[in-house]
């Protein structure tokens, strides 16, 4: 059911570089859906918006990052905590069939949606059969 | 602060253990089966201020219209649904980690909440409730007169 699969997970594998910050890093939960024209990647990243998400493509490695700076509301103290706040990071390796120039990203309600279209050559095509 | 959160009185070590225990049960939730995790999602953080408290919960991608917050005395209940995105014809999941479903969570506040002044905000996938303490519940100050 809903619960455990919506809660974010702390990153298990250490990032390639040592982190100089104290905040935890989370691995966002991701759905990847294959459509006829490409891939749709959906990631849960509560607390981020369009200005705090970066998507980097280096060679065939696609990295999504979200920065979230925890801030204390003025005049309040944290008296009970069940979840921690921190950055998000996750990397994916793209196949050759993805058109690297056409990747699009949208963030809404803490969800990042990446559209990764396939290159034209591998998209399915229907060949019309004409009457001879 | 005008009140103390009940767990505070045991000191920080017990707080820490309490938190650990919660995290452990959260970890084993998927194996509890059936209705095992009803009541523990979403995870919440509670911020307390002078006369009110802030309750935050991470609920990415939930239609705010499908979120229901109710208050009765000192109990706040969050109810909601995250819809599963249906696959269109010809689509397949290569990876599916995000959950969907209905959840209910009740949280007992350390004071009576003024239900008329409660406000809820949903931003960037985070629900934030501002819960003012009811006027009648606030401690009265008694002036001590010199005899």
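The values are calculated or read from the model by the stated rules, or taken from the named source; none is laboratory data. Only a predicted model underlies this, so the values are computations on that prediction, with no experimental measurement involved. Glycine gets a Cβ as well: all are built from the backbone with ideal geometry, and neighbour counts include every protein chain shown.
Observations on the model:
- Selection within the stretch B:96-131 - part of a strand (DSSP E or B), more than 24 Å from residue A:50 (Cα to Cα) and within 13 Å of another protein chain (Cβ to nearest Cβ): B:101, B:102, B:103, B:104, B:105, B:107, B:108, B:130, B:131
- For residue A:101, the test of being more than 13 Å from chain B (Cβ to nearest Cβ) and assigned to a loop (DSSP other than H, G, I, E, B) is failed.
- Residue in the stretch B:78-101 that is within 11 Å of the chain's Cα centre (by Cα) and loosely packed, with under 15 Cβ neighbours inside 10 Å present: yes
- Residue B:71 vs. criteria modelled with pLDDT of 85 or more, more than 30 Å from residue A:31 (Cα to Cα) and in a strand (DSSP E or B): yes
- The stretch A:44-58 - residue that is more than 8 Å from every other protein chain (Cβ to nearest Cβ), in contact (Cβ under 8 Å) with a residue 40 or more places away in the chain and not in a loop (DSSP other than H, G, I, E, B) and, of those, farthest from residue A:126 (Cα to Cα): A:53
- Residue within the stretch B:51-65 that is modelled with pLDDT under 70, more than 7 Å from every other protein chain (Cβ to nearest Cβ) and in a helix (DSSP H, G or I) present: no
- Test: residue in the stretch A:23-37 that is away from chain B (no Cβ under 14 Å) and under 30 Å from residue B:109 (Cβ atoms): yes
- Residue in the stretch A:69-83 that is nearest to the other protein chains (Cβ to nearest Cβ), counting only those that are part of a strand (DSSP E or B) and over 19 Å from residue A:46 (Cβ atoms): A:79
- Scanning the stretch B:108-127 for residues that are surrounded by fewer than 18 Cβ atoms within 10 Å (Cβ to Cβ), over 17 Å from residue A:46 (Cα atoms) and in contact (Cβ under 8 Å) with a residue 40 or more places away in the chain gives B:115, B:118.
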